[in-house]
Amino acid sequence: MIKKNFIFNKSEGLFKKKLLIIFIFFCFYVPSFGQNNISLFSSDNSQSTRNLTKVLQSELNLSLGFTPKIINSNNTSGNLIILGLKNTNIKEVNYDGLGEDGFVIKTVKPNQLIISSNSVTGLEFAIYYFLEKELGVKWLMPSSKWTYRPSVLNYKFSNINVIKKPDFITRRMAPINTNENNEIGIWGKHLGLRQDIEYNHSLYKIFGNTQDFAPKVNGKRKLAKSKTDQTWQPNFKASGIENYSSTFLINYFEKNPSVKTFSLGINDSRIFDDGNNSGRKNHFGLKDYSEPYYQWVKKTVEITNKKFPNKKYGLLAYNNVASPPSFSLPDNVVPFITYERLRWVDPKLKALDLQLLNTWKQRVKEIGWYDYTYGASYIVPRPYFATMSNYLNTANSNNVKHYTTELYPNILEGPKPWILSKLLWDVDLNPDQLLLEWCNAAVGEDSSPCLKEFYDLWNIFWTKDVVNSSWWNLQGTAYLQFNNTSYINLIPVGYMEKSDQLLKLALDRTKNNAQKSRMNEIMEIWELAKMNYVYFTKNSLKGLSKSSVTKSLIFQKMNSLSQNPLNEKYVNLLKQYNKY
């Protein structure tokens, strides 16, 4: 009994020693972690700011492992983050110069941080910027699976002094809609995307209730089949057309006084009135209808400006109206010049686009670019980040303030949306460094060199190998012919085999479940890419013979992939634009 008691007492002593060690740990190490006892304060106390304070509270909880308190006063001796609009404690900031999206993040005391903006939108962007730069959070692609969130055990306020505004006012990547409260829309907010001006195909909205301005095509009137039919353009020379359209706009703005913009973009059609044809062809080799169209725009806006002078009208300088008119447009008309700027790798095509830009700058006060960075309808990824950086730098130096693109990404495209979003905020960022940063966060530092090499390989294909091919030189539109699969025959078998090796090696080198899961999603799309390659080229790959790949097998794979909502639109576009 004595011996047993001795053993029991000894064990109890060890237990007490362990408790003492844990106690010391919490007294000395965790109090430094105790600096994480951050409080949050909404300085303007508006509902919008309070909502964003809760967003920050939730995000900090995910990263730091505890829930910061939201307090009603900034009188605290602890760590404090103050959120609000136009904080008067920061005297050196010109809030008006920040626009709606800019923000300031500033340490004003060793334990006090101010996050402030000119608008609620800018304040939300400031929160995401803070989380990324200070806590390492990265929203790589939609869904929580693709959110990289390192665990921060001992966050301390650093000396931050950031005043930031985006280089482009409009930053849009279709189909990402930041007004939609779904995974893709929320992801778009995290990327700092925003549409400032309406610019899309829109004339059917104005003329859908009348046939009075229906065009004559080959001598016969072309009537709209429905209110949403876009297979026609109105007769821009028709008597009274500008009075009709300006009345429509005035009525619209009277009913919707908070709306700041309306699109005057043509319908998505090449069918124009016979009498609108100038007899010339534009740089796309298409019949030119710019003069009557822009004359209608000019007169319509001038009339509407008398009642509503502060509205803006975006439009698409697209296809048959891509060329600028011979006259200037009102200052509140913003054309978006449509062109696939991957073509800039060809010096002649770059010069053509810049010449067009320079001419447009003589006609309008404000200008935008409309790009085509697909994306989904291609069977292999299209990364060309240095080229993007080049043309966005040029746009910024030429005062192009609006950028939108038809992106329609897929998981195999990986870092493209993330890198593009960063460049739209800051054109001076290094795209190669951004690529490495994305790969490190997505699959880990051991795997990232392989994944980066994969994207570097496909950059070579799209910026060098495909240039001057018959597919590249197809004319007649603003974008490369994504629905023409002849580009697939230009892909060397060696590129496919090398890519397969790199992706498998990247998967093997992943270190945790999160990295492995992301890499597996990339691999799933890559398997479909290999099947499509074999199907269209009739070239066998290792483990995939041309006799074994059928349309039925490909569709079975696509239907399986579309079970993931993030792949659904991608699969639909593959089926739509590739001739199986």
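The values are calculated or read from the model by the stated rules, or taken from the named source; none is laboratory data. Owing to the predicted nature of the structure, the values given are computational and were not obtained by experimental measurement. With ideal geometry, Cβ positions are generated from the backbone for all residues, glycine too; neighbour counts draw on all protein chains shown. These area figures cover heavy atoms from the full protein model, side chains too; ligands, DNA and RNA do not enter into them. Shrake-Rupley method; radii C 1.70, N 1.55, O 1.52, S 1.80 Å.
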Given the condition within 24 Å of ILE186 (Cβ to Cβ), in contact (Cβ under 8 Å) with a residue 24 or more places away in the chain, more than 26 Å from the chain's Cα centre (by Cα) and open to solvent by 30 Å² or more (accessible area, probe 1.4 Å), answer yes or no: does some residue in the stretch 83-97 qualify? no
If you take just the helices (runs of 4 or more DSSP H) that sit entirely in the stretch 430-533, which of them hold at least 2 residues that are among the polar types (S, T, N, Q) and under 22 Å from the mean Cα position of the chain (by Cα)? 431-443
The one condition in (1) out of contact with any Cys (no Cβ under 9 Å at 6 or more places or on another chain); (2) in contact (Cβ under 8 Å) with a residue 40 or more places away in the chain that VAL466 fails to fulfil: (2)
In the stretch 119-152, what residues are outside any helix (DSSP H, G or I), open to solvent by less than 50 Å² (accessible area, probe 1.4 Å), touching a Leu at 6+ places or on another chain (Cβ under 9 Å) and small (Gly, Ala, Ser)? SER119, SER143
Checking GLU242 against (1) assigned to a loop (DSSP other than H, G, I, E, B); (2) surrounded by 17 or more Cβ atoms within 10 Å (Cβ to Cβ); (3) not aromatic (Phe, Trp, Tyr), the condition it does not meet: (1)
Among (1) in contact (Cβ under 8 Å) with a residue 40 or more places away in the chain; (2) within 30 Å of PRO309 (Cα to Cα), the one test that PRO257 misses: (1)
Looking at this structure, is ASN267 touching a residue at least 24 places away in the same chain (Cβ under 8 Å), more than 23 Å from PRO215 (Cβ to Cβ) and either assigned to a loop (DSSP other than H, G, I, E, B) or among the hydrophobic types (A, V, I, L, M, F, W, C) (or both)? no
Say we look at the stretch 550-579 and pick out the residues that are of a type in the set (Ser, Thr, Tyr) and surrounded by 14 or more Cβ atoms within 10 Å (Cβ to Cβ); which of these is farthest from TYR533 (Cα to Cα)? SER562
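Table: residues versus (1) outside any helix (DSSP H, G or I); (2) among the small types (Gly, Ala, Ser); (3) crowded, with 19+ Cβ neighbours inside 10 Å.
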site	(1), (2), (3)
SER326	yes, yes, no
LEU329	yes, no, yes
ILE337	yes, no, yes
LEU342	no, no, yes
LYS348	no, no, no
LEU352	no, no, no
GLN355	no, no, no
THR359	no, no, no
TYR370	yes, no, yes
Does ARG171 satisfy being among the basic types (Lys, Arg), in contact with a helix residue (DSSP H, G or I) (Cβ under 9 Å, 6 or more places away or on another chain) and surrounded by 21 or more Cβ atoms within 10 Å (Cβ to Cβ)? yes
Of these, THR231, THR247, which one is touching a Lys or Arg at 6+ places or on another chain (Cβ under 8 Å), surrounded by fewer than 21 Cβ atoms within 10 Å (Cβ to Cβ) and among the hydroxyl-bearing types (Ser, Thr, Tyr)? THR231
